[in-house]
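Notes follow once the structure below has been shown.
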Amino acid sequence: MYKVILGIKSRSSLIQIREYIAKDSIFYANKTVEEILKRVNNLATFPYMGRQVEVHGKKLRQIIYKSYKIFYKLEFNRVYILQIFHHSRDISNLKI
C-alpha cells in the first residue's frame, strides 16, 4: 500500500475549489472536495490507475474527477499529489 501525500499546491487548490463553489452552494463545495479526496485516496491502493502525461517536460500521472485534473507522481511507496485544477484553466500556467 502506498502513502498518499498532498503537497502545498494541491492543498491550496482544494481550498480555492471549495471557496469558488461555496459562492453558490456550501453543500456542493464540500461534496466536490470530498469526492476529489476519495479519488486521491484510491491511489493508495491503485497508484497506477492514472494515465501518464507530460507537463512542462515532467512525466507525471493524472486522474480526473468530473472537470478536475489531479496530477501526481510516484516515488518509492508514496503518491505525491502535486496539483489539482479545473480543466478550463490554461495548463501552460500550471505550476508543479
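Coordinate-derived values only; no laboratory data. Small disclaimer: the values here were computed from a predicted structure and weren't measured. Cβ coordinates were reconstructed from backbone atoms using ideal geometry, including for glycine residues, and neighbour counts include every protein chain displayed.
Applying a threshold of 24 Å to the alpha-carbon distances of Lys9/Lys58; Lys23/Lys58; Lys3/Lys59 flags Lys23/Lys58 as lying beyond it. In the chain, the longest principal axis of the Cα atoms and the axis of helix 8-22 are about 30 degrees apart. With axes computed from alpha carbons, what is the tilt in degrees of helix 26-42 against the longest principal axis of the chain, rounded to the nearest 10 within 0 to 90? Roughly 10 degrees between the two axes. Rg and Dmax of the stretch 3-90, both derived from C-alpha coordinates alone, stand at 12.8, 41 Å.
Hey, got the dipole for the chain? About the Cα centre, +1 on K and R Cβ, -1 on D and E Cβ, debye to the nearest 20?
200 debye
Computed per residue of the chain from DSSP H runs no shorter than four, each worth -39500 (n - 2.57), the mean residue ellipticity at 222 nm is -11000 deg cm²/dmol.
Ordered by the number of other Cβ atoms lying within 10 Å of each residue's own Cβ, fewest first, Ser25, Ser88, Ser13 fall into the sequence Ser88, Ser25, Ser13. Qualifying chymotrypsin sites (Phe, Trp or Tyr not before Pro) in the stretch 14-96, where qualification requires a DSSP coil assignment and no more than 12 other C-beta atoms within 10 Å, comprise Tyr48, Phe76.
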